[in-house]
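> Shown below is the structure under consideration.
What follows is calculated from the coordinates using simple rules that are stated; it is not laboratory data. Keep in mind that what you see is a predicted model, and the values were worked out from it rather than measured. Glycine also receives a Cβ, built like all others from the backbone with ideal geometry; neighbour counts cover every protein chain displayed.
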Amino acid sequence: MPEKKNPRKQNLGLWLAVLIVVIVVVLPIPVWARAVIIIVLAAAFAFWRRSIIYFLIGNRKMAGDEKKGKTPDLESAWNWYRKAWDAHIRLDYGAIIGSTFIQRGDVEYGKKILETVISRMPGTDLEKSTKVALSMALWRLDDLQGAIDVLEEVRASGYSDKNLYVNLGTYLLEKGEYRRAKKINDEAKKIGPESPGITDNRGWYYIATGDWNNARKLYDELTDERRPRFPEAYVHGAQVKLHFGDVEGAIEQLERALAQKFVLTTGVSREVIEQMLEDLRNPQTRKSAAAAIDASAVIVAAGGAPLGASDAMGAASVAPVVSADAPEPVAEKPPVALVEASEDEEADDDLAVPAVVDDGPTDEEMGLVCDDYAEDEDEDEPDTSVDDDDEREPNTELDESDYLYEDIDSDDEDADEDESEDSFYDLDDDDDRDPNIELDDDDDLYEDDDPEEKT
């Protein structure tokens, strides 16, 4: 770990400013001269620190002010962030700006910023954490394999954090490489408590491989007790509810998904969720919609829209197309009974939805056809070692709590573009997002302008 700097040396600029003001005040010169000198010094200091000032203004514009009725002004925020970058803001803050552009704005501009940070900080943890953020840009630009390759390179270097594992697990699941995704989830357990994003990836794995019993246990705990703040978890929870015939429960989960925040790196669109909700609420389409969503389990879990009702009926008996290293999906018996959609529709069988009578395959069957997690003694129960401080997962965003406005009182020059490896800033030491790296309450980026104080 890099040696921490002396706080006085770290705040050298502030101490010099205070010293100059004191000298000006005690000098035997006219008051008007003192005022002129102080104004000039203040202007010089503001110019010197202009990149940070632009950055903080951009944060305020991005967050808005709910109490004053001010909504986020993204266009203005982008302008201020661009000014901050053009004014040569510190590289660790530059990485934050680039990540924000990727999640909520111009992905190409954000990608260029991150590539610049990476090129100027070789061999540092800042370079590696920035590559994790860069993978989101590649993912947004439909270069899924490129995103995976970048993260595998970072992983091979020995670097690890929750963002790396959430992102990589997400990309592998989306690609259908389930065994590799399961391996990544297992590795993530070794770096600390399981975050909501990693837990959701494990649940996604269960759904994709047909392990509905474990999926039900996992999402009962994840969505009802831990209440993550990303929509994907609730969509997956709705899939499980539908699989076991609970339409009302699925509707509730989808409504909760819509209540979360969406950004450009969110793994499912608001429109897909709204359409599923509309079809499930309508008595005329409820039955076919439930069947289509359940038959399209792999597609929906990855954020896609379910197949049409007619297509879904034909797809229900077809195993999903996945990579060669994926386990066989668990064989399930076809639905053989109906459950009531609601109390008001007791007499109308057309409004009923398919339900599975039994609880699915036995434990012995699971061991034979989907044994990826069988080797772990405690995998039948959701991991009780959790990280509830971080509620985000792949594809989420910055929120109001992420934008802190405390004064930055350290010397900007401590982190110039040519700073050495012993001066880096780990953007995501306590975070958990996937195609998403962003700030949260633990980052405290603005309390201390020296990155080494965070190591």
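> Give the shape of segment 162-229 as rounded, prolate or oblate, defined through the alpha-carbon gyration tensor: a ≥ b ≥ c are the square roots of its eigenvalues, a/c under 1.5 means rounded, and otherwise the shape is prolate if a/b is larger than b/c and oblate if not. Don't jump to the answer; show the numbers that get you there.
Details: a/c = 1.81, a/b = 1.13, b/c = 1.61.
Oblate, because a/c is 1.5 or more while a/b does not exceed b/c.
> Further question on the same structure: Report the net charge of residues surrounding Glu271, where surrounding means a beta-carbon distance below 14 angstrom and charges are Lys +1, Arg +1, Asp -1, Glu -1. Spell out each step's value before the answer.
On the way: positive: Arg270; negative: Glu274, Glu278, Asp279.
Neighbourhood net charge equals -2.
> If you don't mind, another one. Holding the Cα-Cα limit at 24 Å, pick out from Lys131/Lys182; Lys131/Lys162; Lys67/Lys112; Lys111/Lys190; Lys61/Lys111; Lys61/Lys128 the pairs that are longer than that.
Beyond 24 Å between Cα atoms: Lys67/Lys112; Lys111/Lys190; Lys61/Lys128.
> Where in segment 113-143 does the amide nitrogen come within less than 13 Å of the point 7 Å from the Cα of Ala156, taken along Cα to Cβ?
Correct set: none at all.
> Tell me, Tyr109, Tyr54, Tyr171 in order of fewest to most beta-carbon neighbours within 10 Å?
Numbers: Tyr109 17, Tyr54 21, Tyr171 29.
If I rank by nearby Cβ atoms, fewest first, I get Tyr109, Tyr54, Tyr171.
> Identify the trypsin sites (Lys or Arg not before Pro) of segment 58-88 meeting these criteria: DSSP loop state and at most 12 other C-beta atoms within 10 Å of the C-beta. Each step should come with its number before you reach the end.
On the way: sites: Arg60, Lys61, Lys67, Lys68, Lys70, Arg82, Lys83; in loops: Lys67, Lys68.
Here the sparse-neighbourhood loop sites are Lys67, Lys68.
> With the cut-off at 1.5 for a/c, could you classify segment 246-289 from its C-alpha gyration tensor as rounded, prolate or oblate?
In terms of gyration-tensor shape, prolate.
> Which ordering of Thr116, Thr285, Thr266, Thr100 is given by a fewest-first count of other beta-carbon atoms within 10 Å? Walk me through the numbers before you get to the answer.
Details: Thr116 17, Thr285 14, Thr266 22, Thr100 26.
Lowest to highest Cβ neighbour count: Thr285, Thr116, Thr266, Thr100.
> With a 10 Å Cβ neighbour count serving as the proxy for reagent exposure, in which order, fewest first, do Phe45, Phe101 appear?
With the sparsest Cβ surroundings first, the list reads Phe45, Phe101.
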